[in-house]
Amino acid sequence: MASGEPSTSEVPTGAGTTVGGKHSKRKSDIMSLDYCTFRVPYNELNVKFRNGQKDLDRAAASVAKAANLLTKKTAGATEPQAKEALQKNFEFLLKQVQDARVAMQKVLKEETGEADKIIMRCHMLQQEQQVNEDRPKRIDKALEKRKFARHICWHLLRCGMIVPAKKLVAEMKMEGMVDISIFEKFYEIEQALLDKDTKPCIEWCQYHRHRLRKIGSRIEVVARQQDIATLIEEQNIPEALAYIKKYFVPITKTQFPDDLKKIMGSVAMPLEISRMRNKELHAENRYEACYEFFIKEAYRLYQLPEHSAFSSIVQMGIAAQKTAMCEPDTKTPTNKQRCVVCRPDIWPLAEGLPNARSDGNKILCSLSNTVCNDEDNIPYLFPSGHVVGLRAINAGLRRANHKVYDPMHKQEIMEEEALRMYFM
């Protein structure tokens, strides 16, 4: 409107937020909303690389050992060796070479699989983030729908709803974009711990041992404490001592000496006294507590945030509309309620959230009664003192020769007389 201002019909560059929407195209969106989309496969690639290197080292050592045996048979020999004498060593060497080749192929397949997964996700997210004016709107809507479906799927997996998450992935064709197998393993460990079986949890700890040690996790210590506590409860002290010596001492002697002292004290003292002094070690819900600790450490291992992106988006949206006057409205029918926060089905989510801070930051158009914004409904102050939005101006107030009709004063004014308003 005023001279020197950009075209008011254009959307400002950089509009939008990091919580989705038609203008949500910032690179920070990927970091904030799709962090786990890349973090999980990257961590799996890291683990597979380390474990694969160990497998290859063992295979190489086996080949070297077989080669040394054959060398000893032939080194320093002054006469030809019999075929039968060397055949066994040759067959053993050949088998070790073949096993090493199989191990190498397996490692390469697993590592390239994770790397291809990351590349595929980069391409799909790049497709979602690209702004293509020539692309049909139905494709943009489908990409937006798939993006939010992915956030919902991650949230379902965190809640343990594996089957609904699988159905959503199949329906939205998101295979390869969500790591369902990781959460299936979490669920398997949960059910095993609830059945007082720590074996799957301990196997998971051994698979991720390097990373768990690096972050200083106690999850393997806690899991093995449950086995020791069971042996103490059964008064099987010799077996408990053997278990501690074989499994518990190596993982606690340097990093967690206090846990070692505590468990040794429980073995040494009578059972009744141990129950009094170490209540958490003998608690009835100790396996449930072990599972909760496992989930916490698993999220820490994969560097997953405490809340999913979907949960954060929903809470932000509800908190932005919650006021001090909001309360559950059970009298008004749901389809006639004007406040989304006061709906009985939404209030349990909103009850613990903070109230929004709305210090007069909304400007309404005097003609259309719509909320003005800095994008497509910019507010303008007319000489009459009324605020009119850009939509109403474009709808029928523009006149020739850069003039605008003022419906309050019922006269035409120059565009420069309508002053643009800004949000502070």
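The values are calculated or read from the model by the stated rules, or taken from the named source; none is laboratory data. Worth saying up front: this structure is predicted, and the values here are computed from it rather than measured. So basically every Cβ, Gly included, is an ideal-geometry build from the backbone, and we count neighbours across all protein chains shown. Side chains are part of the model used for accessible areas, which takes the heavy atoms of the whole protein and leaves out ligands, DNA and RNA. Shrake-Rupley method; radii C 1.70, N 1.55, O 1.52, S 1.80 Å.
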With the requirement that a residue be open to solvent by less than 30 Å² (accessible area, probe 1.4 Å) and in contact with a Cys (Cβ under 9 Å, 6 or more places away or on another chain), what does the range 278-296 give you? CYS290, PHE294
With the structure loaded, tell me whether LEU304 is hydrophobic (A, V, I, L, M, F, W, C), open to solvent by less than 30 Å² (accessible area, probe 1.4 Å) and assigned to a loop (DSSP other than H, G, I, E, B) or whether it fails that test. yes
So how many residues does the range 267-291 have that are modelled with pLDDT of 90 or more and among the hydroxyl-bearing types (Ser, Thr, Tyr)? 2
Over the range 242-284, the set of residues of a type in the set (A, V, I, L, M) and without any contact (Cβ under 8 Å) to a residue 12 or more places away in the chain is ALA242, VAL249, ALA268, MET269, ILE273, MET276, ALA283
Any residue in the range 90-119 that's farther than 24 Å from PRO41 by Cβ: show its pairings with residues that are of a type in the set (Asp, Glu) at Cβ separation under 7 Å, as long as the two are six or more apart or on different chains. none
In the range 147-186, which residue that is more than 17 Å from TYR299 (Cβ to Cβ) and among the β-branched types (Val, Ile, Thr) is nearest to the chain's Cα centre (by Cα)? ILE152
Out of all the residues in the range 141-155, is one or more in contact (Cβ under 8 Å) with a residue 40 or more places away in the chain, β-branched (Val, Ile, Thr) and part of a loop (DSSP other than H, G, I, E, B)? no
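Here's the yes/no breakdown for (1) surrounded by 20 or more Cβ atoms within 10 Å (Cβ to Cβ); (2) at positive phi:
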| site | (1), (2) |
| --- | --- |
| HIS155 | no, no |
| GLY160 | no, yes |
| ALA165 | yes, no |
| LEU168 | no, no |
| GLU171 | no, no |
| MET174 | no, no |
| VAL178 | yes, no |
| SER181 | no, no |
| GLU184 | no, no |
Residues within the range 164-180 that are in contact with a helix residue (DSSP H, G or I) (Cβ under 9 Å, 6 or more places away or on another chain) and part of a helix (DSSP H, G or I), tallied: 8
Count - residues of the range 334-345 that are in a loop (DSSP other than H, G, I, E, B) and either at pLDDT below 85 or β-branched (Val, Ile, Thr) (or both): 5
Is it true that some residue in the range 399-420 is free of Cβ contacts under 8 Å to residues at least 40 places away in the same chain, in a loop (DSSP other than H, G, I, E, B) and either surrounded by 16 or more Cβ atoms within 10 Å (Cβ to Cβ) or in contact with a helix residue (DSSP H, G or I) (Cβ under 8 Å, 6 or more places away or on another chain) (or both)? yes
